[in-house]
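S.K.: Shown below is the structure under consideration.
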Amino acid sequence: MSATSTPPVHRGVLEEPRLLAAGPGAGWAEHLDCFGPLPQEYSDPQILSEWEASGLAGRGGGAFPTARKIAAVQRAAARSRRAPVVIGNGSEGEPLSFKDQLLLRHAPHLVLDGLLLTARILGARESYIAAKSGLHPRLLDALAERGETSVSLHATDSHFLAGQATAVISSMEGGPSLPRHASGHLSDAGLAGAPTLLVNVETLAHLALIARYSSSWFRTAGTAADPGSRLLTVHDQGRYQVHEVHGSSDLSLVLEQLQISAASVQAVLIGGYHGQWTIDLDVRLSAANDDRHHPAALAAGAGVIEIMRHDICPLARTSQIIDYLARASARQCGPCLHGLPTLARDVQALAQRFADPKLPEQINRLGALVAGRGSCHHPDASARLAISALQVFDDEVAAHLSGTCHHNTQEQR
Ligand code: SF4
């Protein structure tokens, strides 16, 4: 290291939780004790400017800058002279993600603070929380505790695509909870054609904290490129835990803090079922893959990692996931209707040790074929996971093709 270089800052699990600071099952009194009421002394433009300065990116998986999303709805509302709609999305269709339901159970008031504040600033006509029906009693209690009647709840399905933005809108309008062939942005025309802000519930909770404590406080966690903290669901050996980690956390440090020895880890799935595998533990869990400040950053997606120990066959686990994704598709577009089932069949054949040397090439070709062809990112993201398995587990691929894989492919996870 040169004399002038800065030593790397290692970031992992937060020492003091932010989002869950009020404690388990926090009610209105505990919430106010911990965070106090939303400040009244700041004007709406001041709050908007703090949100923009915070650099907060959406925590639902898309990582889109939240302030830009809000500004787009503001502009569309002014243009169309229609009052917007604000929706907190806690649908959490990703099977490995449990952080939104944890947040809605233990910090519903922080989410409601963010929702109500955003709705007030935007002059929203309606505001909603979209979440699975099992969470509604907790949310109704929270609304009753604060005497709030302006927020409606919408029950979402629990399947993989139900949390996708256009699927949420479709189901709120009485249609199927499946992605739509969207033309245009929800900010221009979302629920019933109104300018619509749809943001993940964790994102709303961060907005509530930034409005209280400022953008510079928010930026004391994370990095310049990936500021703040995020909730991370960590799966290991059939169990999961949710932790609050710094933006761009070092994966190796998170594992160390969770007392998972690097030697016991075969690989890590980063970003959930639409994510990618890595065997390199010196990566950062970031908002996006293209974090130019940290080329070794991988997108944490909706905030999910799955640790794979050495007793698991990585190709069999990948096959399970691709099969799930193929069955989860809405089968409305060609890549989902034809491409994903074929991809799932080829990955399964590889996992089951069919000695067909053409399988990897077929999987790569199918992956390239479906990319960018669907109305949503489901086929692209599913193919990316399959291709990442071929790249990361090339030795295992060779062992499967030669019939020398030693894993029991029947017992996964
Ligand atoms: S690409 Fe697949 S999941 Fe997406 S809208 Fe089309 S059929 Fe549905």
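S.K.: On the accessible surface of the chain, probed at 1.4 Å, how many percent belong to carbon and sulfur atoms?
M.R.: So the carbon and sulfur contribution to the accessible surface is 51 percent.
S.K.: Also: Give me the lysines in straight-line cross-link reach of Lys69: C-alpha distance below 26 Å, same-chain residues under 8 apart excluded.
M.R.: Lys99, Lys132
S.K.: For region 8-60, take the alpha-carbon Rg, divide it by the Kirkwood Rh, and send me Rg/Rh.
M.R.: 1.05
S.K.: Under a Cβ-only charge scheme (Lys and Arg +1, Asp and Glu -1), can you give me the dipole magnitude of the chain about the Cα centre, in debye to the nearest 20?
M.R.: About 1120 debye.
S.K.: Another question, if that's okay. Once the mean 1/r over all distinct Cα pairs of region 1-113 is inverted, what Kirkwood radius in angstroms do you read off?
M.R.: 17.4
S.K.: By its C-alpha gyration tensor, with a ≥ b ≥ c as the square roots of the eigenvalues, how is region 259-413 shaped: rounded for a/c under 1.5, else prolate for a/b larger than b/c, else oblate?
M.R.: Cα axes put region 259-413 in the oblate bin.
S.K.: Return the long-range amide H neighbours of His154 (sequence gap of 5 or more, or a different chain), with a cut-off of under 5 Å between placed amide H atoms.
M.R.: Ile129, Ala130, Ala131
S.K.: Report Rg(Cα)/(2.2 N^0.38 Å) for the chain, keeping two decimals.
M.R.: Normalised by 2.2 N^0.38 Å, the Cα Rg of the chain equals 1.00.
S.K.: For region 185-266, count the residues as N, evaluate 2.2 N^0.38 Å, and divide the Cα radius of gyration by that value, please.
M.R.: 1.47
S.K.: What's the percent breakdown of Cα-Cα distances in region 360-409 across 5 Å bins, shortest bin first?
M.R.: Histogram of Cα-Cα distances, whole percents per bin: 5, 21, 23, 20, 14, 10, 6, 2, 0.
S.K.: When the chain is modelled as a GNM with alpha-carbon springs shorter than 10 Å, which of Gly60, Gly334, Gly303 fluctuates the most?
M.R.: Of Gly60, Gly334, Gly303, the most mobile in the Gaussian network model is Gly334.
The values are calculated or read from the model by the stated rules, or taken from the named source; none is laboratory data. This one's a predicted model, so the numbers in the text were calculated from it and none came from an experiment. Virtual Cβ from ideal backbone geometry, glycine too; neighbours counted across all protein chains shown. Calculation scope for accessible area: heavy atoms of the full protein, side chains included, ligands and nucleic acids excluded. Shrake-Rupley method; radii C 1.70, N 1.55, O 1.52, S 1.80 Å.
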